[in-house]
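Working notes for the structure below.
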Amino acid sequence: MASTAWMMLAAVSLDWLFGEPRRLHPLVGFGIAARRVEATLWRSSRASGVLAVAVLLAPAMFGALAIEHLAPPWRDVFDVGALYFALGCRSLHDHLLPVARALDAGDDDAARRAVSRVVSRDAATLRIAPAACESALENGNDAVFGALFWFACAGSAGVIVYRLSNTLDAMWGYRNERYFRFGWAAARLDDVLNWIPARLTALSYCMFGHTGSALACWARQAPRWDSPNAGPVMAAGAGALRIRLGGAASYNGVVQKRPALGLGSTAGAADIRRALALVRRGVALWLLAYAAAAIVRAELG
């Protein structure tokens, strides 16, 4: 357990120092493989989607399990690398801080271009600062806390399966004609793997913001959200920051009536930075909590 704590700290440090690799990122290669599998196996059926997910995830999982039998230090190097490639805390800041800076400068066009790179909503109609805050809060779970949770629970195999399933959900988890059935398996797997991390993420946001407001918004507003995991994360985050998020949004020209989240004023540029601060503080808490648990276990064992 102590070695896992050190590996988590090492991977988080590498992510913060270097960010995502600009070339040869494993998730880019996985995305290419997923598109090829989709082109081969796509049918408008759940069975074909289940097969596609299995074809992509099984080799990665069994490969990681096989590497776990290597002797240190190679096994440890692989584990740290797997978590490093799965994390996206520095990337989240690299993408969203330019939005805040552009808004501060009064350059709404630059801010809109920047936020459109990280959200799937129609750029012309989105609300810039709220969209950026939603991305910070939701991706804090998907690209940071979920990866830490599954690494702590199941090592490199756990974090690899988690991050790849998250990628498949981002590619296939749409409720449109093409993916409604084919993408069902990817979406449900992501829901299952994120159920516990999302609630721990929401709890982390509650601890570092306005706790009472965060808990109240989580209880009242999260059940109305269509995603069982994004709802708690974003409702708690919006309440912790006391800002208003959610509401109607346009995707590919179709307006979706999403519930309102949070309370107080509409998010602004400063709130983007506050949302990112929630993520950073949560990461520090998780690392300290796991290290403390490792120390206690060592003392008792």
## Note on the structure
Between A248 and R113, the two model label points (7 Å from Cα along the beta-carbon direction) sit apart by a distance in nm of 2.9 nm
### Query
How high is the FRET efficiency between R220 and D94 when r is their beta carbon distance and R₀ equals 41 Å, given to the nearest 0.05?
0.75
### Task
Only loop residues by DSSP count here, and only those with at most 13 other Cβ atoms within 10 Å; note down the trypsin sites (Lys or Arg not before Pro) in region 1-90 that meet that.
R22, R23, R43
### Query
Which listed residue (F78, L215, L245) has the Cα farthest towards the positive end of the charge dipole for the chain, taking +1 on Lys and Arg C-beta and -1 on Asp and Glu C-beta about the Cα centre?
L245
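Two decimals is fine: what's Rg over Rh for the chain, C-alpha atoms, Kirkwood radius as Rh?
Working: Rg = 19.3 Å, Rh = 19.9 Å.
Answer for the chain: 0.97.
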### Query
Once you put a point 7 Å from the Cα of A293 and another 7 Å from the Cα of R280, both along the Cβ direction, what distance in nm separates them?
2.5 nm
### the chain - share of DSSP beta bridges that are antiparallel (%, nearest 5)
75 percent
### Unit charges on C-beta of K, R, D, E only; dipole of region 35-114, Debye
440 debye
### Query
Between region 104-168 and region 208-253, how many Å separate their Cα centres?
15 Å
### Message
Using square roots of five times the C-alpha gyration tensor eigenvalues, list the equivalent-ellipsoid semi-axes of region 207-295 in whole Å, biggest first.
### Response
27, 15, 13
### Rounded to whole Hz, the Karplus (6.51, -1.76, 1.60) HN-Hα couplings of region 212-228, x for glycine and proline
x, 5, 4, 5, 5, 5, 4, 5, 8, 9, 4, x, 7, 6, 6, 8, x
## Note on the structure
The size of the Cβ-based charge dipole (Lys, Arg +1; Asp, Glu -1) of the chain about the Cα centre, to the nearest 20 debye, is 620 debye
#### Entry: Backbone N under 16 Å from the H69 label point (7 Å along Cα→Cβ), restricted to region 150-167
157
### Query
Amide H to amide H under 5 Å from S250: which residues, 5+ apart in sequence or cross-chain, H placed 1.01 Å off N in plane?
D122, Q256
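Read-outs throughout are calculated quantities, based only on the coordinates presented, and are distinct from any laboratory measurement. Everything quoted here is computed from the prediction, not taken from an experiment. Quick reminder, even Gly has a Cβ in these numbers, built from the backbone with ideal geometry, and neighbours come from all protein chains shown.
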